[in-house]
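J.: Quick one: the structure is below, questions incoming.
The values are calculated or read from the model by the stated rules, or taken from the named source; none is laboratory data. This is a predicted model, so every value here is computed, not measured. Here Cβ is always computed from backbone atoms with ideal geometry, including for glycine, and neighbour counts include all displayed protein chains. Just the protein is used for accessible areas: all its heavy atoms, side chains included, with ligands, DNA and RNA removed. Shrake-Rupley method; radii C 1.70, N 1.55, O 1.52, S 1.80 Å.
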Amino acid sequence: MTGRTLIQKSRKEFIEELAESVAEDYCPKNVIQPEIIADENGITYSYNNYGLCFDGMLEHRFGKFHIYISLNKRLVHETSARARFTFAHELGHYFIDEHRISLKNGKTPSHPSYTNFQSKNPIELEADLFAACLLMPKSRFEELSTGQIFSFNLVDMISKKFNTSLSATLIRYAAIDNNHPICIICSQNGRVKWHRTSSDFGFKYLKGYDENISPWTVAGEYFTKKIKRTSDKEEVEAKEWYKIGENYNRMLYEKCIYADAQNLVMSVLWED
Ligand SMILES: [Zn+2]
């Protein structure tokens, strides 16, 4: 259901620590620069318009590693948050031993990667996790987020500090235990595609996978009436999003980001 549950907790912690130590080794002070990390490890790289075939790819040839980053319409330019995330994802395939060794041994061919948080392939999920933890190391993230009430402005500020996309920053925010609990829901054409929940968020059983999203949610309002809310937060009854018993009357806040071209909405839910 939520892609990330495919990685065991101990494995997640291992990857998080690995990424954090790479961040500390190569970029201890400033914003993480994937190019510096590649240079220091003798990995060459190129940016080019490779069309829509892939966002990134790590290749092993004649004992050398090379990273391709596609500057297609969505990635825009080399320093864009999306290109940086793709680069960090490919570095994940290099730094995670099992990924690098199997590529080196020719056990797995070079494979194209897509940076869209939708993959269900555990190898891709691990590289995505590595990328998020490398670009947004836990210790540095917590310096900005611990003890703060959740708000979109807070996450926006953090995303600018790390030069990461708002969606990647929200997902990282939810994954860090001491942060204000939130739930992120990505929906398309009226149904939920995936969601990520902070471990201590107050609700569990989300509706919208096998049935249409309630029109009484902010996302549902977009799908049914094309209404887009621009305020910082809207109130929504928890029962519109969740199958719930004793929490029936609780209220949630919802804020949406809209992607009209894909008829896609990302909702964030939280309580005070
Ligand atoms: Zn990949």
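J.: Among (1) more than 16 Å from the chain's Cα centre (by Cα); (2) open to solvent by less than 20 Å² (accessible area, probe 1.4 Å); (3) away from the ligand (no atom under 16 Å from the Cβ); (4) in contact (Cβ under 8 Å) with a residue 60 or more places away in the chain, which single condition is Ser139 missing?
T.: Checking Ser139 against (1) more than 16 Å from the chain's Cα centre (by Cα); (2) open to solvent by less than 20 Å² (accessible area, probe 1.4 Å); (3) away from the ligand (no atom under 16 Å from the Cβ); (4) in contact (Cβ under 8 Å) with a residue 60 or more places away in the chain, the one that fails is (2).
J.: Of everything in the range 243-272, what is within 15 Å of Cys186 (Cα to Cα) and hydroxyl-bearing (Ser, Thr, Tyr)? Give them in sequence order.
T.: Matches in the range 243-272: Tyr258, Ser267.
J.: Got at least one residue in the range 143-158 being under 21 Å from Thr86 (Cβ atoms), open to solvent by less than 10 Å² (accessible area, probe 1.4 Å) and hydroxyl-bearing (Ser, Thr, Tyr)?
T.: The answer is no, given that none of the residues of the range 143-158 is under 21 Å from Thr86 (Cβ atoms), open to solvent by less than 10 Å² (accessible area, probe 1.4 Å) and hydroxyl-bearing (Ser, Thr, Tyr).
J.: Continuing with the same structure: In this structure, is Ala261 closer than 17 Å to Lys193 by Cα and either surrounded by 13 or more Cβ atoms within 10 Å (Cβ to Cβ) or assigned by TED's automatic domain parsing to the domain that holds Gly202 (or both)?
T.: Working: closer than 17 Å to Lys193 by Cα: yes; either surrounded by 13 or more Cβ atoms within 10 Å (Cβ to Cβ) or assigned by TED's automatic domain parsing to the domain that holds Gly202 (or both): yes.
Considered against the rule, which asks whether it is closer than 17 Å to Lys193 by Cα and either surrounded by 13 or more Cβ atoms within 10 Å (Cβ to Cβ) or assigned by TED's automatic domain parsing to the domain that holds Gly202 (or both), Ala261 comes out as yes.
J.: For the range 107-149: of the residues being more than 20 Å from Arg196 (Cβ to Cβ) and touching a strand residue (DSSP E or B) at 6+ places or on another chain (Cβ under 8 Å), which is modelled with the highest pLDDT?
T.: Just the residues of the range 107-149 that are more than 20 Å from Arg196 (Cβ to Cβ), to begin with: 107-112, 139-140, 143, 147.
Okay, now just the ones that are also touching a strand residue (DSSP E or B) at 6+ places or on another chain (Cβ under 8 Å), so 110-112.
Values: Ser110: 68, His111: 69, Pro112: 73.
Within the range 107-149, the match that is modelled with the highest pLDDT is Pro112.
J.: Quick check: anything in the range 172-184 open to solvent by less than 30 Å² (accessible area, probe 1.4 Å), touching an Asp or Glu at 6+ places or on another chain (Cβ under 7 Å) and either free of Cβ contacts under 8 Å to residues at least 24 places away in the same chain or over 23 Å from Phe54 (Cβ atoms) (or both)?
T.: yes
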